[in-house]
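For reference, the structure is listed below as structure tokens.
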Amino acid sequence: MDRSAFYLSILLILRGELPPSKLGLDNDVDCDVTKINASEIRKDLDRVTRSLLSKALAQFYENYGFEAEERPDNLVTMVAFMAQLARIESEESLKGQLRFLNTHLLPTLKYAVEICPSLRQIYEILAEDAKTLKLILTS
């Protein structure tokens, strides 16, 4: 499965449109992920930084030609962006994916798991994906 299809599958699982078993996951996501927003849950950021997060994410998206239809800091939007970014087959895209994963998506998922434990497997496979990306870029 290519990277874009992988992230599209994650997106569809989050939206409840694809059974998690299609990616080898054991459980359904049993929370409303449309209400998980990075600016509200990221405890690793101070209040001022959290207040600017949506704007920073929108700018990150714009740099890669993506326009968020929903809140830029929403978990679903962030995964949709990764699916879009993964469609671009270039080293620059891979670097952007790794940066986005490590800076935004994984920290958001880390705190989202506290609210919605059923997201743990998604967090774990995306953390593994970040390691794989790092290996690809350093080899």
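Observations
- Of all residues in segment 116-139 being touching a Lys or Arg at 6+ places or on another chain (Cβ under 9 Å) and touching a residue at least 40 places away in the same chain (Cβ under 8 Å), the one that is nearest to I10 (Cα to Cα): D129
- Candidate set: segment 86-97, residues that are outside any helix (DSSP H, G or I) and touching a helix residue (DSSP H, G or I) at 6+ places or on another chain (Cβ under 8 Å); chosen: the one farthest from L57 (Cα to Cα): R87
- Subset of segment 109-139 [crowded, with 16+ Cβ neighbours inside 10 Å and outside any helix (DSSP H, G or I)]: C116
- Segment 1-58 - residue that is of a type in the set (S, T, N, Q) and within 13 Å of N74 (Cα to Cα) and, of those, modelled with the lowest pLDDT: T34
- Residue selection: R50 satisfies the criterion of being buried (at least 18 other Cβ atoms within 10 Å of the Cβ), basic (K, R) and farther than 20 Å from K134 by Cβ.
- Spans of helices (runs of 4 or more DSSP H) in segment 19-85 with at least 3 residues more than 20 Å from Q97 (Cβ to Cβ): 38-41, 47-63
- Members of segment 68-92 that are farther than 26 Å from L137 by Cα and free of Cβ contacts under 8 Å to residues at least 24 places away in the same chain: A68, E69, P72
The values are calculated or read from the model by the stated rules, or taken from the named source; none is laboratory data. As the structure is a computational prediction, the values presented were derived from the model and not from experiment. Ideal geometry is used to build each Cβ from the backbone, glycine not excepted, and the neighbour counts take in all protein chains shown.
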